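Report on one structure; see the data block that follows.
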Amino acid sequence: MSLPDPAVLIPAIARELQAHLKAKNIDNPRFVGIHTGGVWVANALLKELKTEAPLGILNVSFYRDDFSRTGLHPQVRPSELPFEIEDQHLVLIDDVQMSGRTIRAALNELFDYGRPASVTLVCLLDLNARELPIRPDIVGATLSLEQNQRVKLTGPEPLAIQLQTIDNL
């Protein structure tokens with residue numbers, strides 16, 4: 001399987017996001033990346049957009065619905081949102097959209113900070129493996145993987161996508 005190159009996807013996402021924001025009359029969006037890969041993608045996207053807008057960082061570990069089963073990673077850091085959420089137009093950025101559970105957790109956390117005017121979801125990859133009815137507004141590429149395959153984003157410089165095979169499935 002040929003994997004897409006983030007260096008090609010990021011400029012395309014940037015163009016599509018600019019058109020989306022213009023169509024919605026959103027002038028000053030607030031950008032929020034989901035730790036870790038979403039932050040890497042967000043930084044690359046902000047660089048491509050040539051903006052120095054502050055970047056919020058969400059760590060959704062405490063908001064995941066599998067928290068009680070998987071426990072907490074020892075290096076969990078708190079979220080950092082250097083701006084108000086209330087009545088703001090947010091661009092929520094993640095690396096890989098799979099089941100929708102990470103995005104659900106991110107939305108729950110964001111709403112604990114306030115009620116945004118809107119949330120635009122941007123994902124580098126969509127794996128079409130939904131368990132929840134959550135779809136990105138803007139996506140770099142859509143992949144269909146075998147049941148024993150996963151993708152991993154490495155970075156932050158350069159961003160690269162790796163295909164992994166899980167043997168014990």
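Brief remarks follow.
- Computed over every Cα-Cα pair of region 1-70 and binned at 10 Å starting from 0, the pair-distance distribution P(r) comes out as 17, 41, 27, 14, 1 percent.
- The DSSP beta bridges internal to the chain are antiparallel in roughly 25% of cases.
- Using a Förster distance of 22 Å, the FRET efficiency for I166-S2 (Cβ separation, nearest 0.05): 0.65
- Fewest neighbouring Cβ atoms within 10 Å first, the residues M1, M98 line up as M1, M98.
- Kirkwood analysis of the chain, using all unique Cα-Cα pairs, places the hydrodynamic radius at 16.5 Å.
- Partners for K50 among lysines (Cα-Cα distance below 19 Å; same-chain residues under 8 apart left out): K22
- Cβ charges +1 (Lys, Arg) and -1 (Asp, Glu), total dipole of the chain, debye: 140 debye
Any read-out appearing in this document is the output of simple, stated calculations on the displayed coordinates, not a laboratory observation. Please read these numbers as outputs of a predicted model, since none were measured by experiment. Note: ideal-geometry Cβ built from the backbone for every residue, glycine included; neighbour counts use all protein chains shown.
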